[in-house]
Amino acid sequence: MNHLLSRRRFLASSSILYAGPVLCSGTAGVQDGYTREPSDPVHAQFPSQNPALVKEMVGVSHGNLARVRELLERSPALAKATYDWGFGDWETALGAASHVGNRAIAALLIENGARPDIFTFAMFGQLETVKAYITANPGIQRLHGPHGITLLQHARNGGEQSSTVAEYLETLGDADMKYTSLPLTDDEKQIYAGEYAFGAETSHTLTISIDKNGRLNVKRGPEGTNRVLYHKGNNEFHPAGAPAVRIRFEVKDMQARSLTVIDGQPVLMAQRT
């Protein structure tokens, strides 16, 4: 005897077991003993978390404690939010709080399930923990945090309570290895500045601009986030937080004509508009 349900019988039985989607946009209900408030419409990436909320959570974790609390009340899982600011410059909410030295936000995120790492422990001033990390993983002190921020800088940003960690890391000699960028004159920067298109939509553009500090930046479309570019020579740059990525320009007659983004292999080519 075949004990497997036929497709017809399965569909009939499942209609009893499954009465409809749990998430909806208009009505509240009671599930497992707790009242569900009206929710937003289900977003396109569900069941992944809403990318807009993830981005906001990581952003406000740099310094807006009140908003962090609000977002955690709405979705406690956002304590582990991780966002890619561009080209693989990933940042967690806890990483954001850690590199600016915001202890209150970092502690709140950890209470709600965020996972601390050596950068967080350095910011908190936990010397023995940092030493144990480095003893177990020689050379880990050379790793960069979000945006290329060094381990030593995390300790310094932790303030007086982290001073012993900062002093220890200074003795290692290689815990503050910042990105290098070969110098460019103002005229040389203008060679690259401009808009490059890789498609017909307004978002299918990469804009190279010069910020108020005189650094070259790259941004996708009108709503993107500027990423600082570090000059490596031969018309090549890497974006902040992504030293393995290269943005290579083709230059002719003192003006860049196109650019290619390379992440191990070419990702896209964009023509100057």
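The values are calculated or read from the model by the stated rules, or taken from the named source; none is laboratory data. None of the values given here were measured: they were computed from a predicted structure. Methodologically, a virtual Cβ is constructed for each residue, glycine included, from the backbone with ideal geometry; neighbour enumeration extends over all protein chains shown. Remember, those area values only see protein heavy atoms, side chains included, never the ligands or the DNA or RNA. Shrake-Rupley method; radii C 1.70, N 1.55, O 1.52, S 1.80 Å.
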Q: Mind listing whichever residues of region 203-224 are farther than 20 Å from Ala256 by Cα and either open to solvent by 50 Å² or more (accessible area, probe 1.4 Å) or not in a loop (DSSP other than H, G, I, E, B) (or both)?
A: Lys212, Asn213, Pro222, Glu223
Q: Go through region 248-273 and give me each residue that's free of Cβ contacts under 8 Å to residues at least 40 places away in the same chain and open to solvent by less than 60 Å² (accessible area, probe 1.4 Å).
A: Thr260, Ile262
Q. Filter region 179-202 for residues that are in contact with a strand residue (DSSP E or B) (Cβ under 6 Å, 6 or more places away or on another chain) and among the charged types (D, E, K, R); which is least open to solvent (accessible area, probe 1.4 Å)?
A. Lys189
**Q.** Residues of region 67-78 satisfying the condition of being in a helix (DSSP H, G or I), over 20 Å from Gly158 (Cβ atoms) and open to solvent by less than 60 Å² (accessible area, probe 1.4 Å)
**A.** Leu71, Leu72, Ala77, Leu78
Q) List, please: which pairs have Cβ atoms under 9 Å, are six or more places apart or on different chains, and start with a residue in region 200-216 that is of a type in the set (Asp, Glu) and end with one that is in a strand (DSSP E or B)? A) Asp211/Asn217; Asp211/Val228
Q: Tell me which of these Asp176 doesn't satisfy, since it passes every other one: (1) open to solvent by 40 Å² or more (accessible area, probe 1.4 Å); (2) in contact with a helix residue (DSSP H, G or I) (Cβ under 7 Å, 6 or more places away or on another chain); (3) more than 30 Å from Lys131 (Cβ to Cβ).
A: (3)
(Q) If a residue must be open to solvent by 20 Å² or more (accessible area, probe 1.4 Å) and either assigned to a strand (DSSP E or B) or more than 15 Å from Gly148 (Cα to Cα) (or both), how many such residues does region 232-247 contain? (A) 5
Q) Is it true that Glu160 is open to solvent by 70 Å² or more (accessible area, probe 1.4 Å) and modelled with pLDDT under 95? A) no
